[in-house]
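*Asks:* Okay, handing you the structure first.
The values are calculated or read from the model by the stated rules, or taken from the named source; none is laboratory data. On a predicted model such as this, the values are computed, not experimentally measured, just so you know. A quick note on method: Cβ atoms are made from the backbone with ideal geometry, for glycine too, and the neighbour counts reach across all protein chains shown.
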Amino acid sequence: MQFPTVDLPVVPRLLAAPAPGWVETTDVIVIGSGIAGLTAALHLREAGLHVTVVTKVNIDDGSTRWAQGGIAAVLDPLDTPAAHASDTELAGVGLCDPAAVRVLVEEGPTRLRELIRVGAEFDRNPDGSLMLTREGGHRADRIVHAGGDATGAEVQRALHAAVGRDPWIRLVEHALVLDLLRAPDGGWAGPGRACGITLHVLGEGSEDGVGAILARAVVLATGGMGQVFAATTNPAVSTGDGVALAIRAGAAVTDLEFVQFHPTALMAPAAPRADGARAAQQPLVSEALRGEGAHLVDADGKRFMVGQHELAELAPRDVVAKGIHRVLLATGADHVFLDARHLGAEFLARRFPTIVASCLAAGIDPAEQPIPVAPAAHYASGGVRTDLHGHTSIPGLYACGEVACTGVHGANRLASNSLLEGLVFARRIAQDIARDLPAQVEPAPTGAWRGGEGATVDPAVRESLARAMTRGAGVLRSADSLRATAAELVTLGATRGAPRTASWEATNLVTVAAALVGAAYARQETRGCHWREDYSDSRDDWLGHLVGSIGPAGNLEQDWEALC
């Protein structure tokens, strides 16, 4: 496959940081404390391993607790794993890995029941059975939810409590992971095996807080990269740290062009952050609200999704996002409306308390007024490439959750498959590590161990970066818009900042933005949540994956892998 390339920023092989001032040792490091990370940690402990969980702020500050819709799993006797797989693959528009999808749908119900045994309490019918609902792209009621629209918060609560009960899980909060440590070639466990991380922990170790944790395996569960865009449903911590770390370390990444924009984020003003920047997390208005009968309408009150897809407002997310974007382009407006007034105040308050609270905080009463909504960056379908057991291309480095590309989502994630994916593949990673963990930790890893190398970007570039990415690499893309974005990234990536948290985050954002733009520029078609206005149709010759990696000089490279 021949595909075009565009000039992109040079990626540093390491973040500029001092040498570690303190060192700890554990069996396995899990980076991230959402559903994927905490599930992995709990299963690793079941195998008798000591686990250190590293999280960027507090244990509950990731994306999991913001999930409203629920977890998809086949629990209805009239439903089947094959039907769930079919819906998943249809949403993925030809790029799902059927083997990964089969693992997801067949193992998912068992993993969900395990989560219930851990303590997660889901909404139930009067007879005690789990209440099931439907979301976009599903052709059966198979979504379990908690607190109406607070599923993520309940899942996070239950996992947090379970981890807190285990004294052999060490939790390191307020810690930004910097770089992967790898054993010397020909060392204790094979060439270049992951053997730990460097990280910055506020208030720990040396004056600057930089330290190292050595381990026999490293699990990335760092979540997404939504903060690369000006408007996103992702929390402030979602700066692509795991994908950027993996790229710098030499791991393969894939499908980064497929960023799902949630069709219905509440168009509320962004709140100011303490550092003066604008927080870019838009409240989510779950498609479960559409599943209960809410309608998308334009300013004239017309339902515009009717006739665009057989499922209308419950079409897959990319279809709905494109439908909304067409209305915005035609009218010049910055939002459409979600009309739930006919559902009634009592039902809305009981079924969707989180959404109602967000609306009321923005001065909107959804029982009396249509809710202003627009697409916002929501979920990265691509990420660090893994196999069915979570292995990346670097021995000893695993990935699960949104940071990973397991092959489940293809070109567009099916609603409520993300929490399920975290449960299923975290368990598989723990099982694989328990079977195949090396016997010892190499005390003298290479690379970032030495300190004083690498580079960081000036954090002042973040606002310009987010604007450029939204304008040129957001919902609607073209060769011209992507070239312009790439040129801006080259300029922004050439700035330099002193080693500190803001600079490390900015460097990660530039790295993942560059990798995303390179893939989006190369893929000359519209497929799933990758929408090219200059290539409006999907093409059979693009049935395959762009696999990205870092070159010897820090240049980002793409290889093509066609589907068999």
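*Asks:* From the list Glu287, Glu313, Glu346, which one is charged (D, E, K, R) and free of Cβ contacts under 8 Å to residues at least 12 places away in the same chain? It would help to see each step written out before you state the result.
*Replies:* Values: Glu287 fails: free of Cβ contacts under 8 Å to residues at least 12 places away in the same chain; Glu313 fails: free of Cβ contacts under 8 Å to residues at least 12 places away in the same chain.
So the residue among Glu287, Glu313, Glu346 that is charged (D, E, K, R) and free of Cβ contacts under 8 Å to residues at least 12 places away in the same chain is Glu346.
*Asks:* From the list Val177, Val163, Val155, Val118, pick out the single residue that is farther than 19 Å from Glu24 by Cα and within 21 Å of the chain's Cα centre (by Cα).
*Replies:* Values: Val177 fails: farther than 19 Å from Glu24 by Cα; Val163 fails: within 21 Å of the chain's Cα centre (by Cα); Val118 fails: within 21 Å of the chain's Cα centre (by Cα).
On inspection, the qualifying residue turns out to be Val155.
*Asks:* Which numbered condition in (1) free of Cβ contacts under 8 Å to residues at least 60 places away in the same chain; (2) within 30 Å of Phe347 (Cα to Cα) is the only one that Leu115 fails?
*Replies:* (1)
*Asks:* Condition first: closer than 17 Å to Glu257 by Cβ and modelled with pLDDT under 95. Now tell me which residues in region 388-414 satisfy that.
*Replies:* Asn412, Arg413
*Asks:* Find the residue count for region 82-120, including only residues that are in a loop (DSSP other than H, G, I, E, B) and within 19 Å of Thr133 (Cβ to Cβ).
*Replies:* Number satisfying all stated conditions: 1.
*Asks:* From (1) among the hydrophobic types (A, V, I, L, M, F, W, C); (2) buried (at least 16 other Cβ atoms within 10 Å of the Cβ); (3) over 21 Å from Val384 (Cβ atoms), pick out the condition that doesn't hold for Leu8.
*Replies:* (3)
*Asks:* Now for a different question. List, please: which pairs have Cβ atoms under 9 Å, are six or more places apart or on different chains, and start with a residue in region 58-81 that is under 18 Å from Glu173 (Cβ atoms) and assigned to a loop (DSSP other than H, G, I, E, B) and end with one that is modelled with pLDDT under 85 and of a type outside the set (Ser, Thr, Tyr)?
*Replies:* Going by the 9 Å Cβ cut-off, there are no qualifying pairs.
*Asks:* Just need a number here: residues in region 122-140 that are within 25 Å of Leu90 (Cβ to Cβ), in contact with a Leu (Cβ under 9 Å, 6 or more places away or on another chain) and either of a type outside the set (A, V, I, L, M, F, W, C) or outside any loop (DSSP other than H, G, I, E, B) (or both).
*Replies:* 8
*Asks:* Give the residues of region 523-548 that are among the polar types (S, T, N, Q), surrounded by fewer than 19 Cβ atoms within 10 Å (Cβ to Cβ) and within 23 Å of the chain's Cα centre (by Cα), sorted by residue number. Don't jump to the end; show me each part of the working.
*Replies:* Initial filter on region 523-548 (among the polar types (S, T, N, Q)): 524, 526, 536, 538.
Pick out the ones that are also surrounded by fewer than 19 Cβ atoms within 10 Å (Cβ to Cβ) and you get 524, 536, 538.
Result: no residue meets the conditions.
Rundown of residues vs (1) of a type in the set (Ser, Thr, Tyr); (2) over 23 Å from His545 (Cβ atoms); (3) assigned to a helix (DSSP H, G or I); (4) within 22 Å of the chain's Cα centre (by Cα), yes/no style:
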position: Arg483; (1), (2), (3), (4): no, no, yes, no
position: Ala487; (1), (2), (3), (4): no, yes, yes, no
position: Thr491; (1), (2), (3), (4): yes, yes, yes, no
position: Pro499; (1), (2), (3), (4): no, yes, no, no
position: Glu505; (1), (2), (3), (4): no, yes, yes, yes
position: Leu509; (1), (2), (3), (4): no, yes, yes, yes
position: Val512; (1), (2), (3), (4): no, no, yes, yes
position: Ala519; (1), (2), (3), (4): no, no, yes, yes
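*Asks:* Might you let me know whether region 183-190 holds any residue that is within 27 Å of Gln431 (Cα to Cα), among the aliphatic types (A, V, I, L, M) and either free of Cβ contacts under 8 Å to residues at least 12 places away in the same chain or assigned to a helix (DSSP H, G or I) (or both)? Walk me through how you get there before you give the answer.
*Replies:* As a first pass, look at region 183-190 and keep what is within 27 Å of Gln431 (Cα to Cα): 183-190.
Then keep just the ones that are among the aliphatic types (A, V, I, L, M); that gives 183, 189.
From what is left, the residues that are either free of Cβ contacts under 8 Å to residues at least 12 places away in the same chain or assigned to a helix (DSSP H, G or I) (or both) are none.
No, every residue in region 183-190 fails to be within 27 Å of Gln431 (Cα to Cα), among the aliphatic types (A, V, I, L, M) and either free of Cβ contacts under 8 Å to residues at least 12 places away in the same chain or assigned to a helix (DSSP H, G or I) (or both).
*Asks:* Same structure, new question: I'd like the residue in region 151-204 that is among the polar types (S, T, N, Q) and within 30 Å of Phe352 (Cβ to Cβ) and, out of all such residues, is modelled with the lowest pLDDT.
*Replies:* Only one residue fits best here, namely Thr151.
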